[in-house]
Amino acid sequence: MPLPERAQTLFRARCRRYSPSMRISGKALLTAGAAAAGAVTASRIAVARRNKAQEAGRRHVITVNRAFDEAGTGSLPTPLAALGEAVEIRRQPAPGGRGTQFSARARSGKVSAGEIRRALREARSELEVGYVLLPGGPTTRPTPLNKPLREATAHGREGGLL
């Protein structure tokens, strides 16, 4: 049974979805939220650019548990030698007689920081153990469930602390 005309009018007047003042304040909040999100995004982009510029001249250092007489003279380990002239490499005795320090810095933008870090880690493994230790092969077939683990294993030597 339909409501009488007067009741329908009162119902519509009371049950408006939003009052006009709520519509204005809602738009203001939405605009402020969008502006804040834009400011956060812009600041993150600026920080990323600044970090990338600082990373270009950064020197990566690793200490090898071999005396300077053994590791600091002669030819470079294979992973570091593979980088060639694109990287400047220094060798020096580690402080306190704790081995040998290798430091590497990219001369140009041709070699990424991840490649330098991987080469330093592999050089340390080669000098200390005699060969480069690699994680074991896959024990299962590739699936979407184990894809994150495969990606982490593939790029694990490029990031993190040296």
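The values are calculated or read from the model by the stated rules, or taken from the named source; none is laboratory data. This one's a predicted model, so the numbers in the text were calculated from it and none came from an experiment. All Cβ positions, glycine included, derive from the backbone under ideal geometry; neighbour counts span all protein chains shown.
Within the set THR41, THR63, the sole residue that is closer than 19 Å to ARG118 by Cβ, within 27 Å of the chain's Cα centre (by Cα), modelled with pLDDT of 80 or more and hydroxyl-bearing (Ser, Thr, Tyr) turns out to be THR63. Restricting ARG105, ARG121 to residues that are basic (Lys, Arg) and out of contact with any Asp or Glu (no Cβ under 7 Å at 6 or more places or on another chain) narrows the list to ARG121. Applying the condition of being modelled with pLDDT under 90 and among the small types (Gly, Ala, Ser) to the stretch 68-85 and asking which residue is farthest from GLU122 (Cα to Cα) yields GLY74.
In the stretch 106-149, of all residues being exposed (fewer than 10 other Cβ atoms within 10 Å of the Cβ) and within 15 Å of GLY84 (Cβ to Cβ), the one that is nearest to the chain's Cα centre (by Cα) corresponds to GLY109.
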